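Structure record follows, encoded as structure tokens.
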Amino acid sequence: MSGPAPGYPSAIPVGVDATRASIARVYDAALNGKDNFEVDRLVLDQVRAVAPGVAELAWANRDFLIRVCRFLAKEAGIDQYLDLGSGLPTTENTHQVVQRVKPDSTVVYVDNDPMVLAHAHALLVGSPNTSIVTADIFRPFEVLKHPEVRDELDFTRPLAMFQIGTLHHYPSDDAAALMRTYIDALPSGSYVAIAHFCDPEADEYSELARKMEEKFVHSPMGSGRFRTRAQIQALFGDLQMIDPGLVLCDDWWPDGPRLAPLNAVRHCIVGGVGFKR
């Protein structure tokens, strides 16, 4: 979602604990946002000790989201989106990108962070076909059975579901089973987009990934797993991968030729889009 707008809460929203790090606020801090606290910035500072360019994880994730949105709206013709773990408002959010291409697109964001919800509700006032739902994205049935999700999205027609920058915060080893529940509920013709921290399992980037994971997991945020490429591929189940498959986020249909080498951190986040036949 987008930057500050009239109607934004001016104080810490009810239910927000400013002494504990939040995934959404840490992400906001990495994107140079203003909706974060010292404890959130501390997480990034701790990881910077081993990865000075750690904020590039967030930028690679955001750039991937924007390109995926354009592809799905323009090329795939998708007009309804379920964005899981929307995070705090920033620039070029899902609804802004897809509705620029297809103005009648419906977008449902899902989050359970009190600060995200407060800011999103304020931002989305007057935004047609766009809403945010309070639910735990790691409880698929809670999301899929939510009355507003069922009312806003037509599960008899293709839709796009996003887990972009979310599943690496799911600590359990059954992430593939979680995704299978979601995928099974999607109609034929739907798309699933995932971006995830990755351990390349080779050369210096694997060592960097493991160092970042150690810092993230033992930071005030307490999460941030760098799964292997095989583990991340398993999250797509038997979906047909859209070319070029599961690749570095920066290599998924870049906007133009690369004129400078990627920061080492950007070798530790991958993304892909799967199609349900």
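The values are calculated or read from the model by the stated rules, or taken from the named source; none is laboratory data. These numbers were taken from a predicted model, which means no experiment stands behind them. FYI the Cβ positions are ideal-geometry reconstructions off the backbone, even for glycines, and counts take in every protein chain you see.
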Check: If you check every pair at least six apart or on different chains, which have Cβ atoms under 7 Å apart with a residue in segment 200-222 that is free of Cβ contacts under 8 Å to residues at least 40 places away in the same chain first and a residue that is among the β-branched types (Val, Ile, Thr) second?
Finding: 201/228
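Just give me the residues in segment 233-270 being part of a loop (DSSP other than H, G, I, E, B), of a type in the set (Gly, Ala, Ser) and within 21 Å of residue 51 (Cβ to Cβ), in sequence order.
So in segment 233-270, the residues part of a loop (DSSP other than H, G, I, E, B) come out as 235-239, 242-246, 252-263.
In the following step, the residues that additionally are of a type in the set (Gly, Ala, Ser) were identified as 237, 245, 256, 260.
The one that is part of a loop (DSSP other than H, G, I, E, B), of a type in the set (Gly, Ala, Ser) and within 21 Å of residue 51 (Cβ to Cβ): 260.
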Next item on the list: Could you tell me whether any residue of segment 194-206 is touching a Phe, Trp or Tyr at 6+ places or on another chain (Cβ under 8 Å), of a type outside the set (Asp, Glu) and over 28 Å from residue 242 (Cβ atoms)?
Entry: no
Margin query: Taking the criterion of being of a type in the set (Gly, Ala, Ser) and part of a loop (DSSP other than H, G, I, E, B), would at least one residue in segment 173-180 satisfy it?
Written below: no
Note to self: For the structure I just gave you, tell me whether residue 223 is in a loop (DSSP other than H, G, I, E, B) and polar (S, T, N, Q).
What the structure shows: yes
Item checked: Residue list for segment 177-227, restricted to those being among the aliphatic types (A, V, I, L, M), within 28 Å of residue 38 (Cα to Cα) and exposed (fewer than 15 other Cβ atoms within 10 Å of the Cβ) -> 217
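Kindly indicate whether residue 209 is part of a helix (DSSP H, G or I) and of a type in the set (A, V, I, L, M, F, W, C).
yes
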Check: Quick one: residue 56 ticks every box in (1) of a type in the set (Asp, Glu); (2) at pLDDT below 95; (3) part of a helix (DSSP H, G or I) bar one, so which box is it?
Finding: (2)
